[in-house]
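Rule-based calculations on the coordinates, nothing more; no lab input. Remember, predicted model here, so these are calculated numbers, not experimental data. Here Cβ is always computed from backbone atoms with ideal geometry, including for glycine, and neighbour counts include all displayed protein chains.
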Amino acid sequence: MEIIQVVLLAIATFIFAIDQFSLTEVLYRPIIACTVIGAILGNVQTGLIVGGTVEIIAIGNMPVGGAQPPNFVIFSIAACVLVIKSGLDVDAAMGVSMIFALFGQYVVTLVFTVMSGLMDKADEAAHQANPKGITAVLNTHMFVLGALFAVISVACYFGGVALSETLSEVSTSLSWLMGGLSVAGGMLRFVGFGILMKIMLSNDMWGILLAGFAAAAIFGASSVASATLIFVAFIGVAIALYDYNSNVKLKNSSVGGTSDGI
């Protein structure tokens, strides 16, 4: 069973790695990747919980120019392995997994740097109208990146299994350390959401944002707490539909315009 898990984990990671930069089918997103990894490791529910947490952290995560952010494919894998195989709580796993995410960032930067030397091959193939040559360069890039990510995922798996007892002892003897990692991991989701708001939030949307937090707090403290997310989503859909219909009516009413004050 362990061998099957390792093989499936390597294959899934290979696909996630090439999907992130080449296929872009959003399979690599944490909410999907962690669910798949959870299924491979035998705990879909935990994988979904970890995926939702990592997704909030990664939601505002994006490369800017040539600068690569921490890699959340590796982050997702490390977090799932640490929670499912090592028994860490989700917040502590978030703090530890950021180390692996930074390492994944270096791997991506290294692969991109090395592969830039092959761009001459792609340019030469383009001048010769040779699509197979261009495809060969792209396939080489995808294979190298996917293989490196697969190796890292397997290392995370065996490391998580080997360190399960050690981490359990550390959680008991060095509770302050694990507490610090839990706090750091818990704050990461707010950092990710803060980055997203900095990019997307308009000044006229602050009222809706605060209303959403208030609605979540009210529903979360009531007898319908289990459906809080659904209720808040319904409110958001209602506001969006009202805003859309209002703008459509305003646009239609101004067709033709007026002139001479009439």
Could you let me know the centre-to-centre spacing of the range 1-16 and the range 93-141, using Cα atoms, in angstrom? 22 Å
Using a simple spin-label model with points 7 Å from Cα along the Cα→Cβ vector, what separation in nm is obtained for Ala155 and Leu201? 3.8 nm
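When a footprinting reagent is the concern and you count Cβ atoms within 10 Å, what order do Asp91, Asp204, Asp123 take, fewest first? Could the numbers behind the result be given before it?
Working: Asp91 20, Asp204 7, Asp123 13.
Ascending number of Cβ neighbours within 10 Å: Asp204, Asp123, Asp91.
For a quick protection proxy, order the peptides 101-109, 224-232, 8-16, 236-244 by their average other-Cβ count within 10 Å, most packed first. Can you show the working numbers first?
Values: 101-109: 18.6, 224-232: 13.4, 8-16: 20.6, 236-244: 11.0.
Answer by packing, highest mean first, reads 8-16, 101-109, 224-232, 236-244.
Mean shadow of the range 3-156, computed from the convex hull of its alpha carbons, in nm²? If you can, show how the numbers build up before the last one.
Numbers: hull surface 36.7 nm².
For the range 3-156, the mean projected area of the Cα convex hull comes to 9.2 nm².
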Provide Thr53, Thr46 in ascending order of the number of other Cβ atoms located within 10 Å of each residue's Cβ, fewest first. Thr46, Thr53
